[in-house]
Amino acid sequence: MKFKRQPGDILKQLGIYEPEDIDLDLVAYSLNADVKRAALSDCEGNIIGTDEKAIITVNRDADPRRQRFSLGHELGHWVNDRGKNLTYRCDTIDMRQRSMSKNNFRQQKEVRANQFSAELIMPEHIFGRYLNNLDITTESVNYLANQFNVSRTSAAIRFVEVSDYPCMIVCWDKTGNRRWFTRNPIMPDSIWPYPRIIRPREAFALSNGVEVDADKWIDSKRSEDYSVIESVFSNGYDILSLIWWKDESHLTVC
């Protein structure tokens, strides 16, 4: 995704090369944006800015990790969307946007702001060092979430984006409908998860690094011929399945 300034470059210019040094208030200061924390009833964060100066307000009542992501999100608007007058009020729905709509310009900006936040908090030049050939499991996601002070959902998405292994993260609602999914760049575009899980109560049993038939998750006639490694966890409102093709030869039979 294209940004006017790359998040990793901003951090490098500040001499930030360790996760504990990723101070978003410092980043905001370096970008001429003031940060305030206040009780917000109708959004998770907002920004008001001109060409040169911005004020960002983050919901102080939100979980600290949510506040951090919200600040990164508003910084994404500041870096990429600034103009003579910049005003955004971003709610929980905005913060969950993953897929761009061709006809919704505002939604495209929210997706870009979310990606900017993820790359600012988990920049590849730091995040990649922490993978260390980690297996694609819930246990690894928990480790990364703690190291980078992010939610498990954010850590899992970034894990899939940066990993050298073929993998996928799929988000489902509790009735079995697919909400969104993200593939690792290694993955062929032809591999898709089902749009709906028929027996969600069975499928969504929590797991960590379990080998299962690929046709449990993958919508393909040939998925019954191979297995994948699954890890299933909840973020409190949705179910996420982390899927890993441990045997990469199976990618050719998908």
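The values are calculated or read from the model by the stated rules, or taken from the named source; none is laboratory data. Being a predicted model, the structure only gives us computed values, none of them experimental. Glycine also receives a Cβ, built like all others from the backbone with ideal geometry; neighbour counts cover every protein chain displayed.
Only one of these is over 27 Å from Pro166 (Cα atoms) and out of contact with any helix residue (DSSP H, G or I) (no Cβ under 9 Å at 6 or more places or on another chain): Gly76, Gly83. Name it.
Values: Gly76 fails: out of contact with any helix residue (DSSP H, G or I) (no Cβ under 9 Å at 6 or more places or on another chain).
Checking each option against the conditions leaves just Gly83.
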Q.
Scan region 201-210 and tell me whether some residue there is of a type in the set (Val, Ile, Thr), within 29 Å of Val111 (Cα to Cα) and outside the structural domain of Arg96 (by TED's automatic domain parsing).
A. no
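Table: residues versus (1) touching a residue at least 24 places away in the same chain (Cβ under 8 Å); (2) not aliphatic (A, V, I, L, M).
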| position | (1), (2) |
| --- | --- |
| Asp135 | yes, yes |
| Asn142 | no, yes |
| Asn146 | no, yes |
| Phe159 | yes, yes |
| Met168 | yes, no |
| Phe181 | no, yes |
| Pro188 | yes, yes |
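Condition check: farther than 23 Å from Arg96 by Cα and either assigned by TED's automatic domain parsing to the domain that holds Trp78 or surrounded by fewer than 19 Cβ atoms within 10 Å (Cβ to Cβ) (or both). Does Glu20 satisfy that? Even if it seems obvious, please write down each step before you answer.
On the way: farther than 23 Å from Arg96 by Cα: yes; either assigned by TED's automatic domain parsing to the domain that holds Trp78 or surrounded by fewer than 19 Cβ atoms within 10 Å (Cβ to Cβ) (or both): yes.
So Glu20 passes the test.
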Q | Filter result for Leu240 (assigned to a helix (DSSP H, G or I), surrounded by 13 or more Cβ atoms within 10 Å (Cβ to Cβ) and either among the small types (Gly, Ala, Ser) or touching a residue at least 60 places away in the same chain (Cβ under 8 Å) (or both)) | A | no
Q: Determine which member of the set Ser154, Ser140, Ser190, Ser117 is farther than 22 Å from Gly72 by Cα, hydroxyl-bearing (Ser, Thr, Tyr) and surrounded by 22 or more Cβ atoms within 10 Å (Cβ to Cβ).
A: Ser140
Q. Would you pick out the residues in region 194-210 that are of a type in the set (D, E, K, R) and in a helix (DSSP H, G or I)?
A. Arg201, Glu202
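Quick check on my filter: what residues within region 62-73 are in contact with an Asp or Glu (Cβ under 9 Å, 6 or more places away or on another chain) and part of a helix (DSSP H, G or I)?
Taking region 62-73 first, the residues in contact with an Asp or Glu (Cβ under 9 Å, 6 or more places away or on another chain) are 62, 66-67, 69-73.
Passing the criteria: Arg66, Gln67, Phe69, Ser70, Leu71, Gly72, His73.
Report those helices (runs of 4 or more DSSP H) wholly inside region 87-169 carrying at least 3 residues which are touching a His at 6+ places or on another chain (Cβ under 7 Å). Walk me through how you get there before you give the answer.
Values: elements: 92-95, 105-121, 124-127, 138-148, 152-162.
Those helices (runs of 4 or more DSSP H) span 105-121.
Checking the conditions here, which among Ser190, Ser223 is assigned by TED's automatic domain parsing to the domain that holds Trp245, hydroxyl-bearing (Ser, Thr, Tyr) and outside any helix (DSSP H, G or I)? Talk me through it step by step, then tell me what you get.
Working: Ser223 fails: outside any helix (DSSP H, G or I).
Answer to the selection: Ser190.
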Q | Checking Asp213 against (1) modelled with pLDDT of 95 or more; (2) in contact with a Leu (Cβ under 7 Å, 6 or more places away or on another chain); (3) not β-branched (Val, Ile, Thr), the condition it does not meet | A | (2)
